[in-house]
Amino acid sequence: MDIYTFLILNGPNLGHLGQRQPEIYGHQDLSHLEGLIRGLPGTDPGKIELLFYQSNSEGKIIDRLEQAREEAVHGLVLNAGAYTHTSLAIADCLAWIQIPCVEVHLSNVWARDGKLRHQSLMAGHCLGVVAGFGILSYALAVQALIHHLRS
Ligand code: DQA
């Protein structure tokens, strides 16, 4: 069976998960998120290599995505935070690097106030979107990627 490499990439304001508006984003921090994903069935190191990255900077996110292409990463789980709704630059990057990507959100962005949050510039370049399940959204996204690559 092939070994896949997945990059779990978190954008701005997600570095302080657990402290930032826990009523919206939950009480668990990025280390819990990493532990949850590493503990998923099918993600043991012999089967999937997991890379984690967080940046508040649009340019650094693009640099990391381009690097992922050079590393031949097989799948992306992307929470671009507020850049989801605004960054044509990240969307342009997703369009050309052509790595299967699942967009994730901790909150259900469509159930929140503000029309801008209901729009995603990423989604059109992704296999799908998982939103509203807290850190479980990432686990579901990883499983969707595994299923996509194995089928
Ligand atoms: C978010 C939703 C975005 O609208 C927001 O800007 C974030 C987090 C989420 O995970 O729910 O920073 O991507």
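The values are calculated or read from the model by the stated rules, or taken from the named source; none is laboratory data. Just so we're clear, the structure is a prediction, and the values are computed from it rather than from any experiment. When we count neighbours, we look across all protein chains shown, and the Cβ atoms used for this are built from the backbone with ideal geometry, even at glycine. All accessible areas refer to the heavy atoms of the entire protein, side chains included, with ligands and DNA or RNA removed. Shrake-Rupley method; radii C 1.70, N 1.55, O 1.52, S 1.80 Å.
Scanning segment 49-72 for residues that are out of contact with any Pro (no Cβ under 8 Å at 6 or more places or on another chain) and among the hydroxyl-bearing types (Ser, Thr, Tyr) yields a total of 1. Within segment 1-27, being polar (S, T, N, Q), within 16 Å of the ligand (Cβ to nearest atom) and within 16 Å of the chain's Cα centre (by Cα) holds for Asn10, Asn13. Among the conditions (1) within 13 Å of the chain's Cα centre (by Cα); (2) over 19 Å from Gly132 (Cα atoms), the only one that Cys101 does not satisfy is (2). Can you find a residue in segment 75-94 that is polar (S, T, N, Q) and in contact with a Phe, Trp or Tyr (Cβ under 9 Å, 6 or more places away or on another chain)? Yes: one or more hits.
When Leu116, Leu88, Leu149 are checked against the criterion of being within 15 Å of the ligand (Cβ to nearest atom), open to solvent by 20 Å² or more (accessible area, probe 1.4 Å) and aliphatic (A, V, I, L, M), a single residue qualifies: Leu116. Within segment 119-131, the set of residues being open to solvent by 40 Å² or more (accessible area, probe 1.4 Å) and either small (Gly, Ala, Ser) or in a loop (DSSP other than H, G, I, E, B) (or both) comprises Gln119, Leu121, Gly124, Leu127.
Among the residues of segment 19-26, at least one is of a type in the set (Ser, Thr, Tyr) and modelled with pLDDT of 95 or more. Against the list (1) closer than 27 Å to Ser87 by Cα; (2) touching a Leu at 6+ places or on another chain (Cβ under 9 Å); (3) open to solvent by 40 Å² or more (accessible area, probe 1.4 Å), the condition Leu33 fails is (3). Taking segment 53-69 as the range and being open to solvent by 70 Å² or more (accessible area, probe 1.4 Å) and either modelled with pLDDT under 95 or of a type outside the set (Asp, Glu) (or both) as the test, the residues that pass are Asn56, Lys60, Gln67, Arg69.
Contact annotation: residue pairs with Cβ atoms under 7 Å, 6 or more positions apart or on different chains, pairing a residue in segment 1-29 that is assigned to a helix (DSSP H, G or I) with a partner that is of a type outside the set (A, V, I, L, M), are Ile24/Ser107; Tyr25/Ser107. Name the residue that is farthest from the ligand (Cβ to nearest atom), counting only residues in segment 74-85 that are touching a residue at least 60 places away in the same chain (Cβ under 8 Å) and open to solvent by 10 Å² or more (accessible area, probe 1.4 Å). The selected residue is His74.
Against the test of being touching a residue at least 12 places away in the same chain (Cβ under 8 Å), basic (Lys, Arg) and within 18 Å of Gly132 (Cα to Cα), the options Arg117, Arg64, Arg38, Arg69 yield a single qualifying residue, Arg117.
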